[in-house]
1. Test residue 130 against the criterion of being at pLDDT 95 or above and surrounded by fewer than 17 Cβ atoms within 10 Å (Cβ to Cβ), and give yes or no.
2. Would you be able to tell me the number of residues in segment 58-83 that are in a strand (DSSP E or B), more than 14 Å from the chain's Cα centre (by Cα) and exposed (fewer than 14 other Cβ atoms within 10 Å of the Cβ)?
3. When residues of segment 133-164 are filtered for being loosely packed, with under 11 Cβ neighbours inside 10 Å and under 19 Å from residue 73 (Cβ atoms), how many remain?
């Protein structure tokens, strides 16, 4: 095997050019992506407990901020710790999507509400909704809430849910 004289190699202008090119490539393309991987974003789930999503999140919060819950087109089920007979559902949800909100008791859907997208290009992030739960749903009670996207951008997010 041939010995390489590092002093001659470093003195070589072509070597320096390639070393700088590699360094520049790393700085432009590789290092920024590595840093972005360390940023904490919201976690994607399909089932959560109410206490995991009950901390109030402000309107206009970024849809993918850490603490929010991302979900797919299959939807998100919020498991409640008991039967609720609430009249109002408060939630922050991504503003540019349409959703069905299903109220479920055990395994039976007892009612559905719909949320339409705001269709406002100047509105950003999550929007705050306070939905009136129908008397039929409230009287029967429910122990699960399922949020199912109807249409949208495939970037679905829940900030919080509170039952009032």
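1. Details: at pLDDT 95 or above: yes; surrounded by fewer than 17 Cβ atoms within 10 Å (Cβ to Cβ): yes.
Against the criterion (at pLDDT 95 or above and surrounded by fewer than 17 Cβ atoms within 10 Å (Cβ to Cβ)), residue 130 qualifies.
2. Count: 3.
3. 1
The values are calculated or read from the model by the stated rules, or taken from the named source; none is laboratory data. Computed from a predicted model, the values in this text were never measured in an experiment. Note: ideal-geometry Cβ built from the backbone for every residue, glycine included; neighbour counts use all protein chains shown.
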